[in-house]
Amino acid sequence: MPEVTKRGAFVVIEGLDRSGKSTQCTLLLEQLRSAGVDVKLLKVPDRTTTIGKVIDSYLRKESELDDRAIHLLFSANRWEVASSIESSLRAGTLILCDRYAFSGLAFSSAQGLPYTWCRAPDAGLPAPDITLLLDVSPEAQAKRGGFGAERYEQTELQERVRAAFERVGDEMGGGGRWVVVDADAEQEAVARELWRHVEPLAQGTDEPLRRLW
Ligand code: T5A
Ligand code: NA
């Protein structure tokens, strides 16, 4: 058996609601698989776990929770998968994740919780090698199927979330680890742009796995 020298890359797709994350994750998954890459797709929140079910009920407006309580549950829902992300990466599997801690920071700080408080519970999670932020304009977002059904899907809040993502991006700095992609474009154009950034990581990376933040 060949020795595994590179670990798998950790790729995160972030963005506003309806920015096309799930659509693009599916396309990327197919493209990676047809390139022979060992890849696993994750999604946070994972609504199937015990914690995820509480989150799901809150998002569907079937229950109420304090803003801080729901923030901590979103974070706990990531910690539930942290060790399996890490072991997959070490085994050479590419992890593609639909949303991550940046959503937690952007959505909760947009609701008015202090930014540094919001960051704290995710400190120590595996850090992505690249985060691709799908940036959709409020006009394009409102036109997309299903917008408005869930709790955070209001234009004014999404504008604050968009500004919060900008702050997160500024603090993540350069180095190609945070990339803003125009998600108003057609699906195929967005997919091509994502592939341009993901392809160089498809065969793994020699970089040590970092932690947030
Ligand atoms: N949240 C999440 C927090 O507050 N804290 C946290 O820590 C985390 C992790 C649920 C909510 O939870 C919040 C953020 C969210 O408000 P979710 O389950 O990921 O998060 O739900 P959504 O983000 O709403 O995910 P969606 O699946 O609804 O949206 P996607 O995945 O961005 O968009 P997608 O691909 O489903 O596409 C939406 C529609 O647009 C069309 C699609 O066909 C579909 O109809 N579309 C396009 N149309 C035109 N042009 C394109 N390029 C298009 N791409 C897709
Ligand atoms: Na949604």
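The values are calculated or read from the model by the stated rules, or taken from the named source; none is laboratory data. These numbers come from a predicted model, not from an experiment. Every residue, glycine as well, gets a Cβ built from its backbone with ideal geometry; the counts of neighbours run over all protein chains shown. Side chains included, ligands, DNA and RNA excluded: accessible areas come from the protein's heavy atoms. Shrake-Rupley method; radii C 1.70, N 1.55, O 1.52, S 1.80 Å.
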Of all residues in segment 170-187, count the ones that are touching a helix residue (DSSP H, G or I) at 6+ places or on another chain (Cβ under 9 Å) and at pLDDT 95 or above. 9
Within segment 81-116, restricting attention to residues that are of a type outside the set (S, T, N, Q) and without any contact (Cβ under 8 Å) to a residue 40 or more places away in the chain, which residue is most open to solvent (accessible area, probe 1.4 Å)? Pro114
Residues satisfying the stated conditions in segment 1-53, i.e. within 15 Å of ligand 2 (Cβ to nearest atom), more than 22 Å from Glu188 (Cβ to Cβ) and touching a strand residue (DSSP E or B) at 6+ places or on another chain (Cβ under 6 Å): Lys43
If I ask for residues that are assigned to a helix (DSSP H, G or I), touching a strand residue (DSSP E or B) at 6+ places or on another chain (Cβ under 9 Å) and among the hydrophobic types (A, V, I, L, M, F, W, C), which ones from segment 139-179 would you list? Phe165, Val168, Met172
Please specify each residue of segment 102-120 satisfying the condition of being farther than 19 Å from Arg210 by Cα, within 12 Å of ligand 1 (Cβ to nearest atom) and hydroxyl-bearing (Ser, Thr, Tyr). Ser108, Ser109
Per-region count, segment 121-138, residues within 12 Å of ligand 1 (Cβ to nearest atom) and out of contact with any His (no Cβ under 9 Å at 6 or more places or on another chain): 7
Considering each residue of segment 183-197, count those that are closer than 26 Å to Leu212 by Cβ and open to solvent by 90 Å² or more (accessible area, probe 1.4 Å), and give that number. 1
Just give me the residues in segment 104-159 being in contact with a Pro (Cβ under 7 Å, 6 or more places away or on another chain) and farther than 22 Å from Lys43 by Cβ, in sequence order. Thr155, Glu159
